[in-house]
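S.K.: Right, I'll just put the structure down here and ask away after.
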Amino acid sequence: MKRRKSKNKYQSDHFAKKAKKENFPARSVYKLQEIQQKFKLINKGDRVLDLGCAPGSWSQYAARLVGGQGQVIGIDQKKVSQKFPANVSMLTGDVFDLARKDKENLAEIVGKGYSIILSDMAPATTGRKEVDAARSHQLCHAALAIARQILKTGGCFVCKIFQGEDFNEFKDAVCNGFDAQKIFKPRSCRKESKEIYIIGIGKKQEEN
Ligand SMILES: C[S@@+](CC[C@H](N)C(=O)[O-])C[C@H]1O[C@@H](n2cnc3c(N)ncnc32)[C@H](O)[C@@H]1O
């Protein structure tokens, strides 16, 4: 007897096939596409930092949006082998190391003046929801620490988090640093996944 595919499995196959057809290295591109369609955060000429960029679909999509006058810098602990247009640069490194640097050292490595910082970082999952959520929470704070240093005033921050007991704490941290904050779960996320995106819009001016 033929087994019917579950709705989740069907949805996941659908986005994976679509990504392959449209030459994106990962299905996750459709999450950023949905974020962009709803919030219109990335504009022509923007400078974008993409944390946890491998295998590169967010960077590839962002590069199209910013165009030739804009720039995308991607960073991941894994080396990215994909070829990108000239307005994309890829760095290999650990975001926790970057987050510990002071502003000047950080700017020397990744540059500064970013209009948007994206983080689709995810820890290697263990299957234990509370452990995975705690590790995701640490990655989110590393991304936010980087945004505090090198995101322009008025800039935006998009950050994936696995929902767990620290979710509200991180949501409040984003709320404090930005004029507006949104929570968004793209339809292309796997239904069973605990991931969700916290979006900070309009970085507040730093206090001296
Ligand atoms: C879901 S994937 C990102 C997919 C990517 N947005 C795309 O569309 O191609 C999550 C990435 O986070 C990266 N990552 C996790 N922890 C990291 C860390 N400490 N430093 C840098 N990258 C990290 C992983 O190596 C992985 O490539």
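S.K.: Under 8 Å between Cβ atoms, at least 6 apart or on separate chains: pull out the pairs that start in the range 23-36 with a residue that is among the charged types (D, E, K, R) and end on any residue that is part of a loop (DSSP other than H, G, I, E, B) and within 10 Å of the ligand (Cβ to nearest atom).
M.R.: Listed pairs, sorted by first residue: Lys31/Asp120.
S.K.: Among all residue pairs at least 6 apart or on different chains, which show Cβ distances below 8 Å where the first residue, located in the range 51-62, is part of a loop (DSSP other than H, G, I, E, B) and within 7 Å of the ligand (Cβ to nearest atom) and the second is among the acidic types (Asp, Glu) and at pLDDT 95 or above?
M.R.: Every condition considered, the pairs that remain are Gly52/Asp76; Gly52/Asp120; Cys53/Asp76; Cys53/Asp120; Ala54/Asp76.
S.K.: Determine, yes or no, whether Lys38 is of a type outside the set (Phe, Trp, Tyr), in a helix (DSSP H, G or I) and within 25 Å of Phe96 (Cα to Cα). Don't jump to the end; show me each part of the working.
M.R.: Values: of a type outside the set (Phe, Trp, Tyr): yes; in a helix (DSSP H, G or I): yes; within 25 Å of Phe96 (Cα to Cα): no.
When the stated conditions are applied, Lys38 does not pass them.
S.K.: Given Phe184, Phe162, which one is surrounded by fewer than 17 Cβ atoms within 10 Å (Cβ to Cβ), at pLDDT 95 or above and in contact with a helix residue (DSSP H, G or I) (Cβ under 9 Å, 6 or more places away or on another chain)? Show your work before the answer.
M.R.: Numbers: Phe162 fails: surrounded by fewer than 17 Cβ atoms within 10 Å (Cβ to Cβ).
Only one candidate qualifies: Phe184.
S.K.: Now, a different point. Being farther than 20 Å from Ala26 by Cα and not charged (D, E, K, R) narrows it down to one residue among Ala124, Ala145; which is it? Explain how you work it out, then say what you get.
M.R.: On the way: Ala124 fails: farther than 20 Å from Ala26 by Cα.
Checking each option against the conditions leaves just Ala145.
S.K.: Considering Leu91, Leu151, Leu106, which residue is among the aliphatic types (A, V, I, L, M) and closer than 23 Å to Lys44 by Cβ? Don't jump to the end; show me each part of the working.
M.R.: Numbers: Leu91 fails: closer than 23 Å to Lys44 by Cβ; Leu106 fails: closer than 23 Å to Lys44 by Cβ.
From the options Leu91, Leu151, Leu106, the qualifying one is Leu151.
S.K.: Which pairs turn up if I take residues in the range 182-201 that are under 19 Å from Pro123 (Cα atoms) and acidic (Asp, Glu) and look for partners that are at pLDDT below 95 and surrounded by 15 or more Cβ atoms within 10 Å (Cβ to Cβ) with beta carbon separation below 6 Å, at least 6 apart in sequence or on another chain?
M.R.: Glu195/Cys189
S.K.: Another question, then. Within the set of pairs 6 or more residues apart or between chains, which connect a residue that is among the aromatic types (Phe, Trp, Tyr) inside the range 113-127 to a residue that is buried (at least 16 other Cβ atoms within 10 Å of the Cβ) with Cβ atoms less than 6 Å apart?
M.R.: Tyr114/Arg47; Tyr114/Leu49; Tyr114/Ile150; Tyr114/Leu151
S.K.: Considering only the range 95-207, give the helices (runs of 4 or more DSSP H) lying wholly within it that have at least 2 residues that are touching a Ser or Thr at 6+ places or on another chain (Cβ under 9 Å) and within 14 Å of the ligand (Cβ to nearest atom).
M.R.: Numbers: elements: 95-99, 103-110, 129-150, 167-177.
Fully inside the range 95-207 and qualifying: 129-150.
S.K.: Could you tell me which numbered condition Gly45 fails, if it satisfies all but one of (1) within 13 Å of the ligand (Cβ to nearest atom); (2) touching a residue at least 12 places away in the same chain (Cβ under 8 Å)?
M.R.: It fails just one condition, (1).
S.K.: When you check Phe84 against the structure, is it part of a helix (DSSP H, G or I) and of a type in the set (Phe, Trp, Tyr), yes or no?
M.R.: Details: part of a helix (DSSP H, G or I): no; of a type in the set (Phe, Trp, Tyr): yes.
Here the answer is no, as Phe84 does not meet what is asked.
The values are calculated or read from the model by the stated rules, or taken from the named source; none is laboratory data. This structure is a prediction, so every number in the text was calculated from the model and none was measured. For neighbour counting, all protein chains shown are included, and Cβ atoms are generated from backbone atoms with ideal geometry for every residue, glycine included.
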